[in-house]
Amino acid sequence: MTESEGSPAEAATGPQVIPLWPEGPPTALPAKPPEVAFRAPVAGGVVTTILRNVSEPTLTVVRPEDGKGNGVGVIVCPGGGWRILAWEHEGVDVAAWFAERGYTAFVLKYRVGATPEDPDAFARSALAGNEALAQPRPAARTPRSFDRLMADPSTLQAREAAADDGRRALALVRERAAEFGVDTARIGLIGFSAGAFLVADVAMDPGGAPPLFVAPIYGGETRGRPVPADAPPLFTAVAQDDRLLVSVVRALCDDWFAADRPVESHLFTRGGHGFGMLRLGQPVDRWPEMLATWLADQGFV
């Protein structure tokens with residue numbers, strides 16, 4: 001697996017990888033097979049790197065070029081339904097995009113639920129799960145809450161562990177901010193799909209001061225809880241043909257708006273689910289430029 005490069009020093013030595021819980025996490029998940037990295041097609045048939053059976057969470061640091069840092073840190077949370085991590089196009093590629101613009105990025109490899117050790121058994125289980133979730137839905141019947149769709153105990157447990165890892169990642173970056181060249185008060189989060197739910201869960205309950213901003217991309221919800229009075233500015237993007245999550249994301253934005261918190265939301269006609277940093281020749285391709293404009297408008301540069 002090849003990770004995106006950051007500064008010249010990182011090009012020679014590889015990105016810095018930091019264990020999230022050196023003494024072990026306070027919350028445990030059931031034992032799982034060894035972690036595996038593999039290549040598989042994702043949105044648009046693009047083949048990319050994916051991780052599964054992650055049990056040792058880490059942060060991979062992707063720094064801007066020397067002298068070009070803006071003092072803002074961004075924790076990047078890839079998605080994967082709390083079963084896998086879309087490590088490349090929702091993780092290291094996103095971190096590289098931020099680093100090119102002066103941000104110090106931290107790719108969060110958070111814990112996920114167990115999948116079969118045998119690759120063929122895993123492929124069969126993944127196919128069955130994807131088919132169940134991809135059932136066509138008219139707009140009026142698109143769910144506004146994801147909790148009801150993914151209510152099995154193992155998924156809920158993995159979601160809570162992921163949120164714990166997200167809070168720890170935020171605290172760790174703050175603790176070591178001087179080392180990373182970032183301001184303790186200027187650390188945001190971006191996440192995709194399950195990673196977007198992680199980001200929203202942390203925004204709702206950060207375990208400390210709120211992040212500078214959150215960008216849950218095609219995912220995230222408040223779970224019916226009141227949005228905190230100091231909730232961070234929120235940016236999100238989702239496609240109209242993402243029938244599983246489009247209304248969930250719209251409900252999240254409605255909740256932020258009703259709480260009088262800053263929110264910018266982009267609803268694209270086409271793009272499906274899981275586009276990340278891919279260029280698919282569809283309207284969703286424009287979301288990174290819109291994010292860059294929003295970050296500048298908010299002063300997060």
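The values are calculated or read from the model by the stated rules, or taken from the named source; none is laboratory data. In this text the structure is predicted, and so the values were computed from the model without any measurement. Cβ sites come from the backbone with ideal geometry, for glycine too, and all protein chains shown count toward neighbours.
Yes or no: region 237-256 includes at least one residue that is of a type outside the set (A, V, I, L, M, F, W, C), closer than 25 Å to residue 187 by Cα and in contact with a helix residue (DSSP H, G or I) (Cβ under 9 Å, 6 or more places away or on another chain).
No: zero hits.
Hey, can you tell me all the residues within region 283-300 that are assigned to a loop (DSSP other than H, G, I, E, B) and free of Cβ contacts under 8 Å to residues at least 60 places away in the same chain?
299
Which residue out of 124, 144 is modelled with pLDDT under 95 and in contact with a Ser or Thr (Cβ under 9 Å, 6 or more places away or on another chain)?
The conditions single out 144.
Out of 46, 72, which single residue is surrounded by 14 or more Cβ atoms within 10 Å (Cβ to Cβ), in contact with a His (Cβ under 8 Å, 6 or more places away or on another chain) and either farther than 22 Å from residue 22 by Cβ or of a type in the set (Val, Ile, Thr) (or both)?
Matching residue, one of 46, 72: 46.
Looking only at region 168-188, how many residues end up being under 25 Å from residue 29 (Cβ atoms) and surrounded by fewer than 17 Cβ atoms within 10 Å (Cβ to Cβ)?
2
Looking for something modelled with pLDDT under 95, out of contact with any Pro (no Cβ under 6 Å at 6 or more places or on another chain) and in a loop (DSSP other than H, G, I, E, B) - is there at least one such residue anywhere in region 151-158?
Looking through region 151-158, at least one residue is modelled with pLDDT under 95, out of contact with any Pro (no Cβ under 6 Å at 6 or more places or on another chain) and in a loop (DSSP other than H, G, I, E, B).
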